1. For A:K350, list the lysines whose Cα falls under 23 Å from its own Cα; do not include residues on the same chain fewer than 8 positions away.
2. Give the lysines whose C-alpha is closer than 17 Å to that of D:K164, dropping any in the same chain fewer than 8 places away, or say none.
3. Can you classify region C:4-74 as rounded, prolate or oblate using the Cα gyration tensor, where a ≥ b ≥ c are the square roots of its eigenvalues, rounded means a/c under 1.5, and otherwise it's prolate if a/b beats b/c and oblate if not?
4. Show me the ranking of peptides B:372-381, B:177-186 by mean Cβ neighbours inside 10 Å, starting with the highest.
5. Take the alpha-carbon centre of region A:295-330, take the same for region A:93-163, and report the distance between them in whole Å.
6. Assigning unit charges at the beta carbon (Lys, Arg +1; Asp, Glu -1) and nothing else, what dipole magnitude in debye, to the nearest 20, does chain E show about its Cα centre?
7. Would you mind computing, in nm to one decimal, how far apart the modelled labels at B:S37 and C:I7 are, each placed 7 Å from Cα along Cα→Cβ?
8. Extension gain B:W286-B:K364, at 0.36 nm per residue separation less the Cα-Cα distance, in nm?
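Where a number appears in this text, it was derived from the coordinates with a stated rule and is not lab data. Computed from a prediction, not measured in an experiment: that's the story for all the values here. Cβ placement follows ideal geometry from the backbone for every residue including glycine, while neighbour counts extend to all protein chains displayed.
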Amino acid sequence: MDSVVHSSLPLWACLASLLAAPAIVLFRRELFLREATTFVAAFVKFGLVLAMLPIITSGKVIEFTLVEGFGGVVAPILFRVDGLGMLFALVASSLWIVTSLYAIGYMRGLHEHSQTRFFAFFAISLSATLGVAFAGNLLTLYLFYEMLSLATWPLVTHHQDKEARTGGRTYLTYLLGTSIGFALPALIFTWIKSGGDLSFAGDAILASADLGPAQGLILLLAFCFGFSKAGMMPFHSWLPGAMVAPTPVSALLHAVAVVKVGVFCVIRVFTAVFGVDLLAKLGVATVISWIAAFTVIVSSLIAMSQDNLKRRLAFSTIGQLSYIVLGVSLLSAHAVQGSMMHIAMHAFGKITLFFCAGAIFVATGKKYVSQLSGLGKTMPFTMGAFAIGAMSVTGVPPTGGLLSKFYLVWGAADAQQFALLAVYLVSSVLNGVYFFPVVYRAFFKPAPEGEAAVEGIREAPLACVLPLSITAVGSVLLFFFPGLLLELTKLMTGAQ
Amino acid sequence: MSEQLPAIILLAPLFGALLTGLAGNRDHRRCFPILISALAVSFGCAIALLVQVSQSGPIDYFVGGWNTERVPLGVGIQLRIDALNALLLVVITTVALLTAVYSFRRAGEENTEKTPQFYMLFQMLCVGLLGITVTADAFNLFVLVEVSSLTSYALVAMGSKSRGTVAAFNYLIMGTVGASFYLLGVGYLYMQTGTLNMAAIHEILADPAFGKSSTVFVAFILILVGVWIKMAFFPLYGWLPNAYSYCPSTTSCLLAPLMTKVSVYVMIRVMLSIFGADWVFQSLGWSHTVVWLAVIAILAGSVLALAQVELKKMLCYLIVAEVGYMVGGAWLANHWGMVGAIYHILADAFMTLCLFIAANIFIKHCRADRIDQLEGLFKRMPLTSTGFVVGALAMIGVPPTAGFFSKWYLLRGGIESGQWGYVIALLVSSLVNAVLFFRIIEIAYFGKNPAESHDHAHDEDSHQGQAGEATLLGGEGRPATVIPLLITAAIVILLGVFNAPVVEIIQQALEGMPVVGAAAAAR
Amino acid sequence: MIVPFDIIILIFLVITALISLRVRDLLGATMILGVYSFLICLLWAEMGAVDVAFTEAAVGAGVSTVFMIATIYHTRRHSSD
Amino acid sequence: MEFLNASVIPYFNYWIYVVLMMIGLHAMITKNNLIKKLIGMSIFQTAIILFYVSIGVKTGSTIPILEHHHDEGHAETAHAVAESGDHHAEETDHEKSDHGNNEHAIEADHGIDPDHFANPLPHVLMLTAIVVGVSTLGVALAISQSIYKDFGSLEENEILAKIKQGGPGVDV
Amino acid sequence: MKWFGLIATVFTGILLLSAVPDFAAFGDPDSPANGGLGDHPSVSQYYITDTYTDTKVPNIVTAVLADYRGYDTMFETVVIFAAGIAIFAILRSFSGPVAPSHPTAIDTSVEGDHQRIIIGTTCRVIIPVIQLFALYVVAHGHHSPGGGFQGGVILGASFILVALAKDLSAALGRFSEKRYLALGSVGILIYAGFGLLCVALERNFLDYEILHRIMPATDPIMARSHSMLGVEVGVAFTVTAIMFAIYANLSSKGRLEQGF
């Protein structure tokens, strides 16, 4: 059993960005100070997460109780850092640094309004994300999950125009609707069934509960659809809607933080709420598998038909998220490991792609795939990074995406689910089909007549290009040095 | 002196009212300090009582000292403070105090020449509500209900809006019917038991012979219907929306959080302390029917709220829905449902207060009360908006606000008792609340609709002229209105985060009057 | 047992109540309400509730009638129903 | 006739109270004129008072005032009562002796037969109820005057029509 | 609305009647309310047998009203007071005098002055008598029907009579607005003051017994009796003031000028 370390580090890691929000508001006139605050907070946060890393890798767990629960009346609000949480926190906090840099370039480049509000809510969103990562029980998880939905709303609707209004409406309708309508009752039902235990520590919450297959299925579905940030069909359409947001938001939140929070919650539900053993006994996980498989295929097909680059990426994200859900629902150790790794791999790949999309928009104002012809010549760094990101998401070596997909496929084989294995393979092909035309068009098609005047390299601002290069390099590095990730995921699957 | 607290808590505002009458007429500026100090004394008493009760159990206080050995229970009037009403006392005094701060200068503007009278009615209303809460005598409760009702009719009718007067008349008619039904019910009980003391009645009714008595049955229905009218439970809610939305702003801040909640308290008190859970849930066996009524109330309240274009009206219909929550929770006939209902009394009082204060500041600021006229307020009034958003989130039930945890307990009760209709209604109403409030937040956040911007251009300019963006709080209301709002918002959150100790106290209260009675436990 | 006196008064009570609600002249209705109050006060006195009867005589038959007339004087005397 | 004898005549007061209450309630709900509503309210409230007073009636009893020759000076009797009060604490059973109208019987309280006096408690309660009734009536009348000032009418349908029109005097 | 009202009324009626056969017979001295239930003797029996020893007040109703249930009565007075303040708050208008041309519903034109003289003279004769009687009712409430409330109403009615016979301003000349509002407050102040005095002497609220310490020449029981008189006077003050206040406001539409 893992030994427990009590430390307030998780709280401070969480608070680092939350406390930065008022400071950002305070410095709203001093642009330099404001952005410096963002950076300092990002680095502090990352540092705090890193500080916890040695403890976690040594096989221990950090716990911290924020609010006590009294005599079984209600669950306490409690932080608990384990391998999975650590992995997610590392990804989120490291990418925040990069995104901050990118956001400054992007927002300044486009002279966006209300930048202060933007940065403040961005910081709050990160706090909520880390809160989810470090949540020690379902109640805390739910609390930060809701906080994240609400804190990102102003970011999604940042443009405050009609489109943003509609997008924001869809966003909240789906996220709040499902979390209140499905997740909350599921949560309370779990609380009753388990006799007042919601903690992730020790055995799975429902491991010893008396639960029939029908109840189990309903509960599982309620959780999976309730955490609709995971984007499983039919509750996926908030994500394309959210693409009205400025690109840094789409990049960090809708490729990393928000959506990954969704799948993170689903993984928690599978591993810590039900437990693999119980699910295997009930045999209900296949239903989820097939829903996820359906989502994977259908979203890839839809992605192919999208001309708006960000929307194409969004549908790709939906598919990739369901990879993770599918992996964890296979209930084999390797697949679960693959799912967890895919959180990180996909994060690096997809954020690169979004950064690229944003950089293209900043530099040229182009939003559509069909406009990208010949762009490889004027924006070689951006498009190069785009190619790497696309490779990673598709799973082509030498990028990190290959590793996680490998584990997923391995897991499917372990579980003897060859039909689902085929789904993985087919969808990888589809990924290629919708990404590589973009790369091809950029590098090998001549620019349209009217724009031929542009000569030489016309990249986006350095603050935009630098981050996307970093994340692209990161994707490649993850292929060569996946040790830490493997270690963290093993901590989780080994514990089962 | 500490054993006299149950009397002093009421006497402070009573003397406050009298002093206001004697001293305030000459100089209106004297009213406010008197009000604040009277309510502060009450508040202190309430806190002291809560501490005392949670440490050493219920307090019995016999007015007139009629509790010697040879005097049977019920000869004099008894006040009884257990954990339940101690909590409620704290809520009432806190809400009253916050509203009092809010009323600073506002009341003077709204009732120029009648400020002392306004404050007298204000304090007498508090006397009534506190009295309802502390008493353990069924008839005394009626008298105090009348004190609070009569003052609230007047407070509603005082406004300058003529529709408010009409609403006050309806309120008066309905209120009188409600109170009379209650009185009649008490009469029926008195006829069967020969006493008016709640504990004594309870003791007599515990005899199973009364399980079938049609008099007791009718008494219960009369009291229940009477209290339902007072709390605006669904089919009987007609008086509430107009009365609360066309009255002066301070009045609405005081009445909306307190009146219905206190009525719910009375219902719970009647159910548990007079009739007893055994009788109500076992002999009567109506809990399914009432929970379904509550479901209808919740859904109807939510749907009607959706149909409103005026902000305060919408909030009023939400109160109707919230009453459904509490009635339903109380009638789930299990422990957690009751805990949820009681916790929701506390939570809803502060949520409603928060929303009403914010709404009143908005309305004053925009000089308009329609939802679509609230454009761009967030930029101009960030603090008020924060308060409003906190209240809205609590209404929706977002953690960690108090609204989430009350829903948590209510849902738990609903699931445990298998009342799925109620569970679904709660969730649907949460979603409707989400739609409602985000519609407002959207309007207030996005600023004006491009289509109709020219209508309000001058409005915008005038504010820019006044404050511009130079100061953060340029467009805010007065500190006296914003500070209570922020305190309330903080309470809403703190009550949520620290719900466990509160629930502990509620459970302590329910130990004295179990929801699942002895008969049910024995089965 | 109930004495016939009671029964007669009770029946008269119902009659006066109905009349006062039927009469369209509000002043008349108020007067008849006064009669009603007076009758009920007699009844209570007969039932042994002298204090209640006394109060009702002073309040129901006396002051509240005056209050009502004061209001009718300032509003409309005729009622539609 | 049998029904009358069995369930109406012994409960005649209660039947009439219900009838009066229905009359009042019906008027409060359906009458169009506000003053008529208030007349209904008065009838409604007196019906309840009638009910309460009826509870307290005892056949063959007298009014709840002990006869008392108070020309004998207070201090002396008070003293005697104080003594007998102490005395009383030991004796708990109320022996029912003949009701005596003399001073002595009153002082030795167990000489009082409760059956000889009407039940005082409903009377007390109803004094309060009457007071509440007149207060409510007063406030209601004030509100109706205020309505008349704003709408020029006391008929509910006319008022509602004016509100709908948003006519003069209506500030919505 | 008509049908709804009828259905609601009939339903209520049936509900109420359904319980009637379960009632104890009318006038039954052994009904639960009158005689108590088995081992629970009814409180009213206690009142009848013990009031005199407890309080030395022969009128049981007064004793119960002002002592046993004095707390109720205090709030009953508060209700009255609240009604007075409420009516002031709703109706009182301070705007300047308005021409008395508004149409009145009732024709009050009196034929000639001689009727006014008759009324005036009669009133001059009977008003003192009424007021004296009112004071008697207040003071004699211990021994006969009556008490603070009834006396107060009568006293208030005598002022109303002044207003009716002459006009409102004449009555207000004797009993001005400032005075009656203050008197209303003072009445409750007296009542609650008695209670608070008991608290100050370390007994429960309204436990008059202890007041014998500060009242001259009383014992605990007479202290109750005397304090009851005191609170009745308080009630009478408030009721007098508020009855007149209500009338004054209602009869002049809150302007306190002419009245009728």
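1. Within reach: A:K45, A:K229, A:K260, A:K310, A:K366, A:K367, A:K377, A:K405.
2. Cα-Cα hits under 17 Å: B:K161, B:K313.
3. Note, shape of region C:4-74 comes out oblate.
4. With the highest mean Cβ count within 10 Å placed first, the list reads B:177-186, B:372-381.
5. 22
6. 1100
7. 6.6
8. That pair, B:W286 and B:K364, stretches by 23.5 nm at full extension.
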